[in-house]
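Since the structure comes first, as C-alpha cells, the remarks are kept for the end.
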Amino acid sequence: MKRTSKFRRPGLRRASFLSVALFLVCLVASGCTSLGLPSPENLNDLHFVEATQVLDVNGQLISKLFEENRIVVPISRVNPYIYQAIIANEDTRFYQHFGIDPIGILRAIVVNLRRGEVAEGGSTITQQLARNMFLNQEQTLLRKIREAILALMIERRFSKQEILQAYLNQVYFGEGAYGVEAASQMYFGKHAADLSLAESALLAGLPRGPNIYSPYVDVNAAKKRRGVVLTGMAAAGFISDEEAKTANREEVITAGKKKRTVQASYFLDYVANELVGRYGANQVYKGGLKVYTTLDIKAQQIAETVLGDQQGAVLILDPRNGHIRAMVGGRNYQESQINRVLSEIRQPGSAFKPFVYATALNQGLKQNTLFVDEPINISGYQPKNYDKKNQGPVTMKKALRLSLNTVAVKLANQVGIKPSIDLAKQLGISTLTSQDDNLSTALGGLTEGVSLLELTASYSAFANGGVYSKPIGILKVTAENGQILEQNQPSQVAVLKPEVAYLLTDMLQSVIQSGTGKAAAIGRPAAGKTGTTDETVTAWFIGYTPDWLAGIYIGNDKRTPVGLTGGEVAGMWGSMMGQVTAASAPVEFVKPTNVVSGIPICAETGKIPFGRCKEIEYDAFIKGTEPKSIIEPFLAPFLSPKDPNPEAATPNEKNTTPNQPAKPPTKWKFPWFGL
C-alpha cells in the first residue's frame, strides 16, 4: 500500500503562501491597527533595552544594573566577520528581500518536506528583529502574521545597515548576554571589533541554540556548530574554503565562565534605589544610563575584608565633601540584603559623647575645665564608668580620652542635654525623639538609636572645620545619548565654629594617642571615639583623619552580645584605615589662627604644672583663654614675645611624630619650678 505524505499538493501550498504574502502587503499599505501592533510612529527608532553602567570615582566599572545585560555598539565597532557569518547562516538573501523572503520560505518548505521535519525556518533577520523587539515567542498563526507585518514596516523605515545593527545589538547569545558586544566580552573577554574569524563564527552560531552550542556547556557542540557557520560563510562567498578550514582547526579558547560576583552590592542597591526614585525602574534597568559614583573600589575591598565574617557594617566617607568611598552593609549579601549602614538603628553608646563635649566647648568650657570623676546620683540616675572605677579630679580632655561616664553626665547636666540633642540634629541625626531629653542620652542611651550612616556623617563637622557634609553617592548621571541628567555638588552647612571643631578634634586625637581608642593608631594624625553598649550588644568606632572618615559597628541582628568593646573595633578601624591611607602622605588637621596648642596642663588640677604632677597633658585653647603660670610675670623678661608654643602644628605643616602627645615647648622648661 502506498504511503500518503502529509505534505500533499505543494502547488496549492505555494499559491496559498503567495496569497498570504500579498494580503500582508495590502494590510501594511492600508495601515492595519487591528492586530495589536505598535503604531508606525513607534517604529521611528529601534530602541534597545540597555544595561545601566555604575562606575567608581576613578571611572572603573563596578557593575551593571539590568534586566537584560546589553551593551549597544554601532555596527562600525563590530568585526565584519560576525555579521557576515550571521547573514550567511540566518538570512542569505538579507540584502535582496523586503522584510519577508518568499524564496527563503519556499526553500525552507522544500528542505522540511525532504527531511520530514522542521529543519529550517523561513524567518528573515528582519522578522527575527521584529519578534524580539515587539512580540513574544508564542507559536501561533496570529503571531506569525504580526511578525511579517512588522518586518515589512521596519524595512520601509530603516536601511539594511540599521536593521543589521539593531539585530546585532538585540539578539540573545546565551549566558545572560544580549547583543554582540556583551556576548564578545562574556565568551572571549574582548570587544566585538577584536574577534577573530573563528571566534566570530562561534558567536554567530549561538542564537540558534545558546544553551546547546555554548562553549561553556559543550565545547564539542560549539565546535561543530562553528564548522557549520564557517561552511556557510564560504558558500556565501564571504571567506574562502581555505580560510574556513584554517579557522575551523583553531582551538576554542574562552575567557572562562566566571561566577557572577557583584562588587559593592549594598552600595549598588543604595545607588539603584536613589536612581529609581528619580527616574523610575524602567529607565534605570533598561535605559542604558551611565552613573558616576563616589565609591573607591580599593577602599571598598579593604572594608569588606576587614569586616570579614562578623556581622555589622562599615562606612567610609570623605569628610571634606561627604563622598561615600566605601559601604559594607553586612558580612554576606547573599545571606541578607539588609543594608545595615542605612537600616539598622542602634544605641551608639559613648560614640554619642562628642555631641555633649562639643556643646560644652561651644558654651565656653575649655579642655582643662576640671570635673571630679566620682559616684553620682542625679535624681535617681546613677551611671557608672565601664570599669566601675573612679579617677577623681580630671580635666574635660582626660574625661573624654578615658570615656568616663560620670563626667559626661555631669557635663550634660551642666550645659543642658537639649542643646546637645539640638547639635546632633543639626549634624544630621534624624532619629532622636522628644523622649531623648534626659541625661542618659549623654551616654548614648537613646529611645531609638542612630544609623551608622548618620552617626559617621555627623563627625564630618569635627574633621572639616565645623562644616557638616551630607553623604552623597552619585556624582553624575548621563543618558544613553550622553546627555547629562544630573550633576551633584556637596551639600554642606557650617554648624560649629572652626575653633570649636579643632578643639574637639584635639581631644579626640588623645583618644587614639592614649585613650580607649589606642588600637586605632595608624601612624598619622587621627581622631575618633569608641562606643560600647550595655551587655556588649553593639560595639562602635567612628574615626577620622583630615581626608578620611570611617565608622564601624559590630552587632548581631538578633541583638545578642557580640563580646567586643569599642576598643577592639578601634583595632579593626586601625587595620582598615592603615591600608586605605597607605599610599598617601600624612596630613595635619588645620589649626585655626586663633588657636594655640601644646600647652602643658596638669591633668588632675587643670592648671599649668607646678611642683609635683602625676600626669601632664597638652591642651589646645582659643588664644587668650589659655591658663597662665603663677610665676609667668616674673619670667616675662626671659620669654620671647613670639607665640609661646613654637612647636605647635600650623596649617599644612607635617607632624614628625604623628599621634604622639606634643612635647612641651623648650622655652617653658624650668625643672626647678616643675615646668
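Summary table
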{"quantity": "Residue within segment 160-169 that is in a loop (DSSP other than H, G, I, E, B), among the polar types (S, T, N, Q), farther than 24 Å from A247 by Cβ and assigned by TED's automatic domain parsing to the domain that holds A88 present", "calculated": "no"}
{"quantity": "Any chance L361 is in contact (Cβ under 8 Å) with a residue 40 or more places away in the chain, closer than 17 Å to D619 by Cβ and out of contact with any Ser or Thr (no Cβ under 8 Å at 6 or more places or on another chain)", "calculated": "yes"}
{"quantity": "Residue match in segment 43-50 (condition: touching a helix residue (DSSP H, G or I) at 6+ places or on another chain (Cβ under 8 Å), part of a loop (DSSP other than H, G, I, E, B), β-branched (V, I, T) and modelled with pLDDT of 80 or more)", "calculated": "no"}
{"quantity": "Unmet criterion (only one of (1) within 30 Å of G574 (Cβ to Cβ); (2) touching an Asp or Glu at 6+ places or on another chain (Cβ under 9 Å); (3) not in a loop (DSSP other than H, G, I, E, B)) for L295", "calculated": "(3)"}
{"quantity": "Candidate set from segment 516-528 (those that are surrounded by fewer than 24 Cβ atoms within 10 Å (Cβ to Cβ) and outside any helix (DSSP H, G or I)); member that is nearest to the chain's Cα centre (by Cα)", "calculated": "I522"}
{"quantity": "Any hit, segment 584-603, residues being among the polar types (S, T, N, Q), within 26 Å of the chain's Cα centre (by Cα), on the phi < 0 side of the Ramachandran plot and surrounded by fewer than 22 Cβ atoms within 10 Å (Cβ to Cβ)", "calculated": "yes"}
{"quantity": "Residue among Q492, Q487 that alone is in contact (Cβ under 8 Å) with a residue 24 or more places away in the chain, in contact with a Lys or Arg (Cβ under 8 Å, 6 or more places away or on another chain) and surrounded by fewer than 18 Cβ atoms within 10 Å (Cβ to Cβ)", "calculated": "Q492"}
{"quantity": "Candidate set: segment 170-184, residues that are part of a loop (DSSP other than H, G, I, E, B) and in contact with a Lys or Arg (Cβ under 9 Å, 6 or more places away or on another chain); chosen: the one modelled with the highest pLDDT", "calculated": "G179"}
{"quantity": "Which listed residue is acidic (D, E) and surrounded by 17 or more Cβ atoms within 10 Å (Cβ to Cβ), from D422, D373", "calculated": "D373"}
{"quantity": "Residues satisfying the stated conditions in segment 572-602, i.e. free of Cβ contacts under 8 Å to residues at least 40 places away in the same chain and hydroxyl-bearing (S, T, Y)", "calculated": "S584, T593"}
{"quantity": "Filter pass, A457 being assigned to a helix (DSSP H, G or I) and either β-branched (V, I, T) or under 20 Å from L315 (Cα atoms) (or both)", "calculated": "yes"}
{"quantity": "Segment 225-273, subset in contact with a Gly (Cβ under 9 Å, 6 or more places away or on another chain) and charged (D, E, K, R), residue nearest to A326 (Cα to Cα)", "calculated": "D269"}
{"quantity": "Subset of segment 126-149 [buried (at least 17 other Cβ atoms within 10 Å of the Cβ), within 16 Å of R208 (Cα to Cα) and at pLDDT below 80]", "calculated": "R131, N132"}
{"quantity": "Boolean, D506 is of a type in the set (D, E, K, R), in a helix (DSSP H, G or I) and out of contact with any Pro (no Cβ under 8 Å at 6 or more places or on another chain)", "calculated": "yes"}
{"quantity": "Subset of segment 430-448 that is within 29 Å of the chain's Cα centre (by Cα) and free of Cβ contacts under 8 Å to residues at least 60 places away in the same chain - its residue that is nearest to Q347 (Cα to Cα)", "calculated": "L432"}
{"quantity": "Flag if Q185 is under 23 Å from T126 (Cα atoms), touching a residue at least 60 places away in the same chain (Cβ under 8 Å) and in contact with a helix residue (DSSP H, G or I) (Cβ under 9 Å, 6 or more places away or on another chain)", "calculated": "no"}
{"quantity": "Some residue of segment 554-573 being in contact with a Leu (Cβ under 7 Å, 6 or more places away or on another chain), under 21 Å from M327 (Cβ atoms) and buried (at least 22 other Cβ atoms within 10 Å of the Cβ)", "calculated": "yes"}
{"quantity": "Test result for E250, of a type in the set (D, E, K, R) and touching a strand residue (DSSP E or B) at 6+ places or on another chain (Cβ under 7 Å)", "calculated": "no"}
{"quantity": "Of the criteria (1) at pLDDT 95 or above; (2) of a type outside the set (A, V, I, L, M, F, W, C); (3) over 24 Å from the mean Cα position of the chain (by Cα), which one Y544 fails", "calculated": "(3)"}
{"quantity": "Residue match in segment 462-480 (condition: in a helix (DSSP H, G or I) and in contact (Cβ under 8 Å) with a residue 40 or more places away in the chain)", "calculated": "yes"}
{"quantity": "Output for segment 366-388, where each listed residue is of a type in the set (D, E, K, R), under 30 Å from A501 (Cα atoms) and free of Cβ contacts under 8 Å to residues at least 24 places away in the same chain", "calculated": "K384, D387"}
{"quantity": "Any hit, segment 615-632, residues being modelled with pLDDT under 90 and touching a helix residue (DSSP H, G or I) at 6+ places or on another chain (Cβ under 8 Å)", "calculated": "yes"}
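The values are calculated or read from the model by the stated rules, or taken from the named source; none is laboratory data. Quick caveat, the model's predicted, so the values are computed rather than measured. All Cβ positions, glycine included, derive from the backbone under ideal geometry; neighbour counts span all protein chains shown.
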